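Undergrad: Dropping a structure here in structure tokens format, bear with me for questions.
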Amino acid sequence: GRGGSARFGKDEQRDDRRIELKNEPVIPEEVLNETVDPDLAREMSSLSKENAERAAQHLLAAAFFVDTDPRRAHLHGVAASARAGRVGRVREVAGYAAYHAREFEIAVRELRAANRISGDGSMWPVLADSERGIGRPQKAIDMAKDPQVKLLDIDGQIEMKIVVAGARRDLKQTEAAVATLKCAELENETASWAPRLRYAYADALEANGDHKNAQKWFVKSAEIDINQETDANERIKSN
């Protein structure tokens, strides 16, 4: 951040009740001087300055901890949502934090609210995977037919394929899982999702009994998985 706290403008004609939440997590020092982006500040302009700034700090904390301490990130997401539940971006970040903490029911609630408020469908794959997480794979599959999916960028489309294939696997539909992932994008070697797409395809082939091709695609995944996002190397059996 650039230092200082976000400016949220004047406070007249706003809901400026002082909100003190029970068990609200402490804002870490690392984010106290961070600045939220202007778009988010505008979205929060209906809140009192004090409440908006505290909600924004919780969002920054959620983003700060999401990779290293998902549970802590989730608690900050809950606090931000409690303070600014009518702001789409707040609900979205709270939903992602809940997802990473494997609190799938909360993730579904937050992401559905975010989608309803903002109309942004980019969260659709994570929302569908959260439905899988609470034991509703068919719901995830049905979500793939929603018009919002056609509006996703290529990254979102691939993520949706991986989620749907996982849902097919949940339902023991291994052939359908393979078919879902068999696409031209498997040849892509540079996209951030490429190793995970290849890995998911290999995993589906393995589940469907095609061990030879599964091994081939685990190797292809490992070859481009520079950041070791998958355990493809461990899945490659020595001949």
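Undergrad: Suppose we filter the range 74-88 for residues that are under 11 Å from Pro28 (Cβ atoms) and either under 15 Å from the mean Cα position of the chain (by Cα) or at pLDDT below 95 (or both); how many remain?
TA: Final tally of qualifying residues: 0.
Undergrad: Please go through (1) under 23 Å from Asn227 (Cα atoms); (2) in a loop (DSSP other than H, G, I, E, B); (3) open to solvent by 30 Å² or more (accessible area, probe 1.4 Å) for Ala191 and return the number of the only condition it doesn't satisfy.
TA: Among (1) under 23 Å from Asn227 (Cα atoms); (2) in a loop (DSSP other than H, G, I, E, B); (3) open to solvent by 30 Å² or more (accessible area, probe 1.4 Å), the lone unmet condition for Ala191 is (3).
Undergrad: Only one of (1) part of a helix (DSSP H, G or I); (2) modelled with pLDDT under 95; (3) within 30 Å of Gln173 (Cβ to Cβ); (4) not acidic (Asp, Glu) fails for Tyr99. Which number is that?
TA: Result: Tyr99 fails condition (2) only.
Undergrad: Look through the range 23-38, keep the residues that are part of a helix (DSSP H, G or I) and open to solvent by 100 Å² or more (accessible area, probe 1.4 Å), and return whichever of them is farthest from Leu60 (Cα to Cα).
TA: Within the range 23-38, the match that is farthest from Leu60 (Cα to Cα) is Glu29.
Undergrad: Tell me which residues, restricted to the range 55-74, are assigned to a helix (DSSP H, G or I) and surrounded by fewer than 21 Cβ atoms within 10 Å (Cβ to Cβ).
TA: Correct list: Ala63, Phe64, Pro70, Arg71, Arg72.
Undergrad: Quick one: Met160 ticks every box in (1) more than 28 Å from Arg42 (Cα to Cα); (2) open to solvent by less than 20 Å² (accessible area, probe 1.4 Å); (3) touching a Gly at 6+ places or on another chain (Cβ under 6 Å) except a single one, so which number is it?
TA: Met160 satisfies all of (1) more than 28 Å from Arg42 (Cα to Cα); (2) open to solvent by less than 20 Å² (accessible area, probe 1.4 Å); (3) touching a Gly at 6+ places or on another chain (Cβ under 6 Å) except (3).
Undergrad: List pairs: first residue in the range 104-124 and more than 21 Å from Arg83 (Cα to Cα) and outside any helix (DSSP H, G or I), second residue open to solvent by 10 Å² or more (accessible area, probe 1.4 Å) and hydrophobic (A, V, I, L, M, F, W, C) anywhere in the structure, Cβ distance under 7 angstrom, at least six positions apart or on different chains.
TA: Sorted first by the residue in the range 104-124, then by its partner, the pairs are Gly121/Leu151; Gly121/Leu152; Ser122/Leu152.
Undergrad: Among the candidates Val149, Val178, which residue alone is among the aliphatic types (A, V, I, L, M) and either surrounded by fewer than 21 Cβ atoms within 10 Å (Cβ to Cβ) or touching a strand residue (DSSP E or B) at 6+ places or on another chain (Cβ under 7 Å) (or both)?
TA: Val149
The values are calculated or read from the model by the stated rules, or taken from the named source; none is laboratory data. Predicted model only: the values in this text are computed from it and were never measured. Reconstructed Cβ throughout: ideal geometry from the backbone, glycine too, with neighbour counts over all protein chains shown. Heavy atoms of the whole protein, side chains included, go into the accessibility calculation; ligands, DNA and RNA do not. Shrake-Rupley method; radii C 1.70, N 1.55, O 1.52, S 1.80 Å.
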